[in-house]
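Nothing in this text is a laboratory measurement; each read-out follows from the coordinates by a stated rule. Please read all numbers here as calculations on a predicted model, not as lab measurements. Ideal geometry is used to build each Cβ from the backbone, glycine not excepted, and the neighbour counts take in all protein chains shown.
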């Protein structure tokens, strides 16, 4: 199983689409950091705003970048992982190995979960470096609609928890995406179906609003 996971990771990183999406994500995250820094204000919703500083920036940028991950970057990665290889036939060589089908699927889930983690960590590093060098350095800060003042350690713990929750949300997206890809073999159609499912869930119940905005 370990070798299967390593093999899956190697295939993921060898794909041009993965590299292209990673570079695109880094560029967009950097550009959006610059834009937010020029505005110097973070939004919780249309009514609640907050000045940005060195302690709260990583949380606010994740809130803004979440839709990009949710509706563009990750669905493209997931459909490429679960569908593209089957469509092209390149996965047949891998399937000849002495593993069960469930092990192949589990290896893909683990590999994509790791890739998702990498994207989040890249965003955290970019936002942390940007806030350290280009935003106001403060000793305490506030987050969203919480009245409490957070010192540097408390702010880091809050930001870490926020990113952990974001990872859990994205892992749920990964799980649902894998099910959709298992039903719809065409990668383009499965991508559209994933987007349709998540957008449609917003009309079913307000409980699914976290798909659109992780700060909710």
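Helix 152-183 and the longest principal axis of the C-alpha atoms of the chain enclose an angle of approximately 30°. The ranking of 16, 29, 152 from fewest to most other beta carbons within 10 Å of each one's beta carbon is 16, 152, 29. Of the labelled figures (1) 19.2; (2) 20.2; (3) 18.6, only one reflects Kirkwood radius over Cα pairs in Å as derived from the coordinates, namely (3).
Classified by the C-alpha gyration tensor, region 120-174 has an oblate form. Its axis ratio a/c, with a ≥ b ≥ c, is 1.5 or above, and a/b does not exceed b/c.
Between the C-alpha center of region 30-50 and that of region 1-18 there is a gap of 36 Å.
Taking Cα atoms only, the orientation of helix 101-134 departs from the longest principal axis of the chain by about 20 degrees.
In plain terms, the residue of 108, 100 with the fewest other Cβ atoms within 10 Å comes first and the most crowded comes last, giving 100, 108. Taking the Cα centre of each part, how many Å lie between region 142-173 and region 108-136? A separation of 14 Å, based on Cα centres. Computed from the C-beta positions of residue 26 and residue 101, the FRET efficiency with R₀ = 30 Å rounds to 0.30. Rounded to the nearest 10 degrees, the inclination of helix 2-14 to the longest alpha-carbon principal axis of the chain is 70 degrees.
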